[in-house]
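The values are calculated or read from the model by the stated rules, or taken from the named source; none is laboratory data. On a predicted model such as this, the values are computed, not experimentally measured, just so you know. Here the Cβ positions follow ideal geometry from the backbone for every residue, glycine too, while neighbour counts run over all protein chains shown.
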Amino acid sequence: MDERRPPSVSSELLENLGQATHGSSSSTPDSPTRVRGPSQNRFKFILIAIATVGIVLLLVSFSLINIDHPTKKQHGNPRGDDINKPQAVNYRTGPSETLRADAKEQDTELPVLLTFTNFVTLDIDNLTGLLLNIIHGLQQFFSSKQDTYYSQSLFFLSLAIHRIMPSTLKKLIMLDVDLKFEADIAQLFGHFDRFADTNIIGIAREMQPVYRHIFHAYRDENPGTRVGGPPPDGLTGFNSGVLLLNMERMRKSELYNAFLEHDVIHNLTIKYKFQGHLGDQDFFTLLSMEHEELFYILPCTWNRQLCQWWRDKGYEDVFDDYYSCTGKVNIFHGNCHTLIPS
């Protein structure tokens with residue numbers, strides 16, 4: 001059986017389907033000419049209809065396991081690529097070039113459904129390597145010290161991922177691994193439609209007084225400031241466990257991209273007396289102090305953080321002002337190793 005075809009689909013069935021959709025194929029020299037009566041034609045039509053439904057379902061399943069870069073054993077290597085080389089930014093919305101080449105070589109057509117699914121493996125070292133200049137320029141402001149957990153490049157990737165992913169990728173959801181979904185991720189994606197014209201990133205508030213603490217020096221000098229204050233009116237700061245990135249707007253925003261420059265963000269850290277330690281969410285938080293219009297506030301139910309580390313660290317009187325979240329939880333976030341409800 002041809003390895004590109006879904007399992008259990010016979011070649012005869014595919015040929016019948018092809019004749020029904022593309023017209024009759026020329027008969028082979030050894031195939032006898034058969035004359036079908038009306039009842040036979042009706043039977044064939046019913047068979048083809050059933051086969052069509054079956055093949056569509058199988059192709060959907062097949063497309064879900066279609067790997068964008070098949071092994072040499074599966075499909076050959078017509079482009080001469082290094083199969084084992086991580087494909088850092090090789091993203092395509094249609095079928096892979098490998099499948100296209102195989103189809104052309106065998107004079108066959110690609111199943112239409114294959115154009116809707118693509119799986120891409122991204123190598124974190126390759127990706128961050130492409131952003132080293134930006135990441136290294138910002139790490140000193142948003143890491144407590146070198147070689148700590150949040151100093152790793154992974155935690156800065158979201159800041160500038162729009163610069164290395166292809167322009168065909170317009171919207172991106174980035175998620176922490178310590179999450180439990182209680183709702184369809186399609187509903188989360190629907191929040192992109194709620195962005196205001198100025199919003200480029202969707203992100204939920206931090207649900208502990210983390211930034212009340214980090215901004216304490218600025219708050220002491222500026223009584224009544226919104227900086228570090230609790231919701232709904234305070235500039236609470238963010239938690240980046242769930243991120244909605246409008247990549248198209250991030251690419252086009254001169255304002256946002258200006259803050260990826262070392263000197264610009266350095267001036268901001270001086271103004272707010274800020275030294276972070278939580279990677280990308282520190283950057284987004286600091287930027288929101290100046291330009292809150294860039295951010296869509298994702299409801300707390302879509303990033304219901306469970307960590308309560310700060311409850312007994314001197315903020316008992318205000319902790320619940322930050323931690324409170326009403327409504328049905330759509331995503332539980334078990335940050336700081338907190339147990340997620342079963």
- Exactly one of R194, R226 is assigned by TED's automatic domain parsing to the domain that holds I265, surrounded by fewer than 20 Cβ atoms within 10 Å (Cβ to Cβ), in contact with a Gly (Cβ under 7 Å, 6 or more places away or on another chain) and under 25 Å from Q305 (Cβ atoms), and that residue is R226
- Mind checking whether some residue in segment 287-306 is closer than 24 Å to I135 by Cα, in contact with a helix residue (DSSP H, G or I) (Cβ under 8 Å, 6 or more places away or on another chain), assigned to a loop (DSSP other than H, G, I, E, B) and free of Cβ contacts under 8 Å to residues at least 60 places away in the same chain? yes
- Task: Could you tell me which numbered condition G237 fails, if it satisfies all but one of (1) at pLDDT 95 or above; (2) at negative phi?
- Result: (2)
- Message: Looking at I161 and the list (1) within 15 Å of the chain's Cα centre (by Cα); (2) at pLDDT 95 or above, which single condition is not satisfied?
- Response: (2)
- How many residues of segment 307-326 are assigned to a helix (DSSP H, G or I) and surrounded by fewer than 18 Cβ atoms within 10 Å (Cβ to Cβ)? The answer is 5
- Message: I'd like to know if segment 170-186 contains one or more residues that are part of a helix (DSSP H, G or I), assigned by TED's automatic domain parsing to the domain that holds D317, under 14 Å from the mean Cα position of the chain (by Cα) and surrounded by fewer than 16 Cβ atoms within 10 Å (Cβ to Cβ).
- Response: yes
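Rundown of residues vs (1) part of a loop (DSSP other than H, G, I, E, B); (2) touching a helix residue (DSSP H, G or I) at 6+ places or on another chain (Cβ under 6 Å); (3) acidic (D, E); (4) touching a residue at least 40 places away in the same chain (Cβ under 8 Å), yes/no style:
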position	(1), (2), (3), (4)
R219	no, no, no, no
G224	yes, no, no, no
D233	yes, no, yes, no
S240	no, yes, no, yes
R251	no, yes, no, yes
L255	no, no, no, no
V264	no, yes, no, no
T269	no, yes, no, yes
K273	yes, yes, no, yes
- So how many residues does segment 331-342 have that are assigned to a loop (DSSP other than H, G, I, E, B) and surrounded by 20 or more Cβ atoms within 10 Å (Cβ to Cβ)? 0
